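The values are calculated or read from the model by the stated rules, or taken from the named source; none is laboratory data. Small disclaimer: the values here were computed from a predicted structure and weren't measured. Cβ atoms come from the backbone with ideal geometry, glycine included; neighbour counts cover every protein chain shown.
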Amino acid sequence: MAPGGEKVFWSFMFLLAGAAAQTIRYQFGSTCAVRGSTVILPCYFTPLKSFSPEGRQIPLRIVRVRWCKNHPICQGTTPSVYDSNSTAREPRFHYLGNMEAKCTLQIRDIKMEDMGTFRFRMEADNSAGHFTNPTGVTISVADLIKMEIKSSSNKSEVSRGQTVSLQCITSTCTFTHLEVTWRKDGHALPGNGSALQLGPLTAKDSGNYSCALTSNMETQSEPFSLQVEEKEEKEFKLPLAAAVTFGVLLVVTTLILLIFIFKRKRTAAGSPNIMRGEAEMKTDHIYSNVLPPLLEETGSQKQEVEAEEISYASVQFKHSKHSRKAKEESDPTIYSSVASRG
């Protein structure tokens, strides 16, 4: 190989090595946008740090970044929607990246003519560091659409305490980044994302929800009715009612039992008075036979008491105050003879 050809060959190999080390990553390959909305194309890149021509290592530095439309390489004099080296920039296109790793592009108030494929290119202070990812991101633009709301619960009635996510979508195309305005019963809600997180749900979350593109309120969706059922409160009221009923029954039962016990005691206390009154009215002698216990003799012999003994005991009965004196004058003492058999 000629010396000149060898030099070109190695330079080409170094360029291939540099290209292999460089990367540009798009977060998605295609997206859909509604006319008048804002689109964000997330992008990240890794530049070549250095290259080594003829054995010498030379550092590289990114000096220019560009976004082009419908061009495979985006080099030279190719028209750009954004060029860091140009002051004449389209105001609808905003570069949200830097010169080191991020290359995100934002397109505001997107139009029908913005449909196409957008590609990012980075350029270094040496051509060895130039690189374009030809894959790009393809944008399709839809017009005159209505947004729709899709609930994660797949139904409009949900239980208290649950968490629900409402998505603002359209069947015309699939979105990646949207600026959405959410409303509940006609009042704007905070946040501008395509998803609205609600929860833990309470009765206050019940209402009619709608969404629309912030840049085009004509895209507002039909109202989505969300009803939160107070399931937990109902479940709580049932045990409470049962507890109250049980408490009332317990109190009533206790009162009935106490009244019954009180009457029993009152009846039992009145019985001796009745018997005592009957005894006071009798003036006859009361005789009772008392047999003494058997006496034990030495040798385990038993002996009966052979003699009868008569004991007298005086028994006095109290009478009422009015008849007490008359009773004592006529019959003050009542004798009782007690006989014992021998």
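Go through the residues of the stretch 168-184 one by one and say whether even a single one is among the aromatic types (Phe, Trp, Tyr), closer than 30 Å to residue 115 by Cα and assigned by TED's automatic domain parsing to the domain that holds residue 53. No: zero hits. Restricting attention to the stretch 147-165, the residues being out of contact with any Cys (no Cβ under 7 Å at 6 or more places or on another chain), at pLDDT 90 or above and under 18 Å from residue 211 (Cβ atoms) number 6. When every residue of the stretch 70-79 is checked against the conditions, none turns out to be closer than 23 Å to residue 137 by Cα, outside any loop (DSSP other than H, G, I, E, B) and β-branched (Val, Ile, Thr).
I want to confirm something. Restricting to the stretch 201-228 and keeping residues that are part of a strand (DSSP E or B) and polar (S, T, N, Q), which single residue is modelled with the lowest pLDDT?
Of the stretch 201-228, the ones part of a strand (DSSP E or B) are 207-213, 216, 224-228.
Among the residues that remain, those that are also polar (S, T, N, Q) are: 208, 210, 216, 225, 227.
Details: 208: 96, 210: 97, 216: 82, 225: 94, 227: 93.
My answer is 216.
Scanning the stretch 160-170 for residues that are in contact with an Asp or Glu (Cβ under 7 Å, 6 or more places away or on another chain) and in a loop (DSSP other than H, G, I, E, B) yields a total of 3.
Could you list, in sequence order, all residues of the stretch 92-109 that are over 14 Å from residue 139 (Cα atoms), touching a residue at least 12 places away in the same chain (Cβ under 8 Å) and not aromatic (Phe, Trp, Tyr)? Listed by number, the residues that qualify are 92, 94, 96, 97, 99, 100, 101, 102, 103, 104.
Residue 143 passes every criterion in (1) over 39 Å from the mean Cα position of the chain (by Cα); (2) within 30 Å of residue 85 (Cβ to Cβ) apart from (2).
In the set (1) closer than 16 Å to residue 125 by Cα; (2) out of contact with any Lys or Arg (no Cβ under 8 Å at 6 or more places or on another chain); (3) in a loop (DSSP other than H, G, I, E, B), the condition left unmet by residue 64 is number (3). When residue 58 is tested against (1) loosely packed, with under 14 Cβ neighbours inside 10 Å; (2) out of contact with any helix residue (DSSP H, G or I) (no Cβ under 9 Å at 6 or more places or on another chain); (3) not small (Gly, Ala, Ser), only condition (2) is not met. Scanning the stretch 110-132 for residues that are in contact (Cβ under 8 Å) with a residue 24 or more places away in the chain and either over 16 Å from residue 31 (Cβ atoms) or not assigned by TED's automatic domain parsing to the domain that holds residue 81 (or both) turns up 121, 122, 123, 124, 125, 126, 128, 129, 130, 131, 132.
Taking the criterion of being more than 16 Å from residue 155 (Cα to Cα), without any contact (Cβ under 8 Å) to a residue 40 or more places away in the chain and part of a loop (DSSP other than H, G, I, E, B), the residues of the stretch 175-199 that qualify are 185, 186, 189, 190, 191, 192, 193, 194. Reported count of residues in the stretch 83-137, each being of a type in the set (Ser, Thr, Tyr) and out of contact with any Ser or Thr (no Cβ under 8 Å at 6 or more places or on another chain), is 6.
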